[in-house]
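Please read the structure below before turning to the comments.
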Amino acid sequence: MSESQPMAAEEPIAGENPSAAEEVVNRPPPPRPAIIADLNIDPPESDVEDCAVESVSHSAPSLKICRSSKDETSTVHSTVMTKDPDIVDGEDLDQQCHGASVSREEKVSGLKAGLVHMARKMPKNAHAHFILGLMYQRLGQPQKAVLAFEKSTEILQKDEEEIQRTDLLLLVLIHHAQCLLLASTGDSSDKEFENDELEEMLGKLKCSIESDARQAAFWNSLGLILLRTGRLQSAISVFSSLLTIIPDYLDSLANLGIAYLQSGNLEHSAKCFQDLLLKDQNHPAALMNYATVLLCKYASVVPGPGANAGEAAFVHQMEAATVAKECLLVAVKADPRAGPLWVNLANAYFVSGDHRSAKKCLEKAATLEPNQMSTRYAIAIHRIKDAERLQDSREQLAWAASEMGSILKEGDPATIDLPIAWAGFAMAHRAQHEIAAAFRSRQMDLDEADERALYTLKKAIEEDPDDAVQWHQLGLHSLCSMQFKTSVTFLKAAVARSIDCSYAWSNLGIALQLSDDPSSAELAYKKALSLATNQQAHSILSNLGNLYRREKRFKNAKAIFAKSLELCPGYAPAYNNLGLVYVAEGLWEEAKSCFEKALQSDPLLDAAKSNMTKAAAMISAREAT
């Protein structure tokens, strides 16, 4: 992590030829290669690779440091006389090196002291100040980093020896800008720029790139900071302006696609990744991100047991899953050791119904990244989905819950998203409770599962009280627990935080209907329909039709179920509910036909099985009489 420099010439030793020593001193130093250390790379996972120090004398070591000026070399001893809050005594440094292991704090303190010492002893060495700035940046001290980067910039712009190092100057300016932005954001890091601030910044962007195209890296870096700090619209503006000037700047195009994806604009995100793939067809990151967009847009909802439809119902979903799978297979061939690629490929296989291949992909990801929390999380989610699909609540869910708990226990709070981690833990416990209730387990087991589910759901909300998804999940859990009025309260909290979520409105309608408030339920269903896409509307229409059936508005119910089946041919719940309308009207043959169609679409719809048995019995009884 130090710059490669010529060693200082040693004084002649008694008994040696003085002329040979003079020749060594007068010999010009070899050219100095420019080696740039980057302290912004991820730190090691552990401190196992500590430097092992063999027998070291207790005397202060002699450090040979070469200054940047050509006519001056010196030998500097490590005893530091100047006291500074950023410097520790050289004797302390020596003591820290003794022993078999050194704590992380001590190593950071020693590194910090060494870099400060180097910068003080080489005041005209731009590289030394740059490395010092990187250290402060990694330590989360952007104000001190700014001072170090400004000193490095000043040297690079004035010193004749360093003036030609334009690549280093550009790198310094990029990190300088990062720290200025980090220092200025403070606690409001997610606040978007005002219009005048944004216009001024984009004006500077245009002028700087027109004068020097290499400045594009600086502005791309700025956009990334805005993206990572949640200022999505500002990031989109920066990336878009950059691409207007340099259309073939692929890094910025990729980042713009990610910004659109995070903002929920899937159309624009897909177009960015499509353009990127046209320019670089084998770009692994572009292939993975485009596949992610397809899965989010067309395959984000996978029908569970009892909610399937005919083969023609999810054509777009299957096509999207196929394209996503092909993209990810190409990406995996290009970069077979990338764990996230295998995780996303598993998702594509799962959506397309190939659960065995999905499992193999996740096993591959776990082999490549056994300690990666996101991979472990994805595997646990897959196990939960498998348990729901197979209605098996024992081994799969127990393992998934254990894995989610270990992520919360072992994961670094700085690198994991605690609300999502708790949400995953809650998902496992919710599935355990629902399956236990379906199989009518012992009341004690059911109560324990309910208690665990409630605890984890509430912990997820504590981590992020404004997260509508977690309020929605808590409402669904109360709904499944037959606590309908409590469910209404939680679902109202969900729609208050995400007023455009059609599914939350639909589930609120169900809770209101079961709470004997049909008029409010009808309003909630109609609100859900006003927000729903064609991909979502069929299930909401089925719920509304069921409300009309209970109110004996059979004509309206039939029309609504017909609309649901038009949008999603073969939708099993709609056929089952339509059959119940015919039962109420005494049309048993029509009812039996509907129940049979429901079971053809989804053999796991137990209600349709029971209803068909009863309808067949009624028909037989009528024929017997």
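Of note:
- Judged by the gyration tensor of its Cα atoms, with axes a ≥ b ≥ c, the range 533-625 is oblate; a/c meets the 1.5 cut and b/c is at least as large as a/b.
- Two-site FRET efficiency, ALA559 against ASP464, from Cβ-Cβ distance with R₀ of 51 Å, rounded to 0.05: 0.80
- Computed FRET value (nearest 0.05) for SER515 with ALA213, which takes r as the C-beta separation and R₀ as 41 Å: 0.05
- Flagged links, alpha-carbon separation over 19 Å, of LYS527/LYS563; LYS124/LYS158; LYS271/LYS297; LYS558/LYS609: LYS558/LYS609
- Restricted to Cα atoms, the range 579-625 shows a radius of gyration and a Dmax of 10.3, 33 angstrom.
- Projecting label points 7 angstrom from Cα along Cα→Cβ for ARG356 and ASP248 puts them 4.7 nm apart.
- Straight-distance crosslink candidates among lysines, where the alpha carbon sits under 20 Å from LYS359 and sequence neighbours closer than 8 are dropped: LYS325, LYS333, LYS385
- Gyration tensor verdict on the range 523-575 (Cα atoms; rounded if a/c is under 1.5, prolate if a/b is larger than b/c, oblate otherwise): oblate
- For the range 533-625, the relative contact order is 22 percent, taking Cα pairs closer than 8 Å that sit 6 or more residues apart in sequence and dividing their mean separation by the residue count.
- Here the gap between GLU199 and LYS107, fully extended at 0.36 nm per residue and compared with their Cα-Cα distance, gives a gain of 28.7 nm.
- Applying 1/(1 + (r/R0)^6) with r as the Cβ-Cβ distance of ASP335 and GLU154 and R0 = 51 angstrom yields a FRET efficiency of 0.80.
- For the range 247-260, the Karplus equation 6.51 cos²θ - 1.76 cosθ + 1.60, evaluated at θ = phi - 60°, returns couplings of x, 9, 7, 5, 4, 5, 5, 5, 5, 5, x, 5, 4, 5 Hz by residue, with Gly and Pro reported as x.
- Residues listed by number, the range 540-573, amide nitrogen under 17 Å from GLU585 label point at 7 Å toward C-beta: 545-566
- Cα shape, the range 435-570, gyration tensor, a/c 1.5 rule: prolate
- Under the simplified labelling scheme, the GLU267-ASN282 pair shows an inter-label distance of 3.5 nm, with each label point 7 Å from Cα along Cα→Cβ.
Values quoted throughout were computed directly from the atomic coordinates according to the rules given, and no laboratory measurement underlies them. On a predicted model such as this, the values are computed, not experimentally measured, just so you know. Methodologically, a virtual Cβ is constructed for each residue, glycine included, from the backbone with ideal geometry; neighbour enumeration extends over all protein chains shown.
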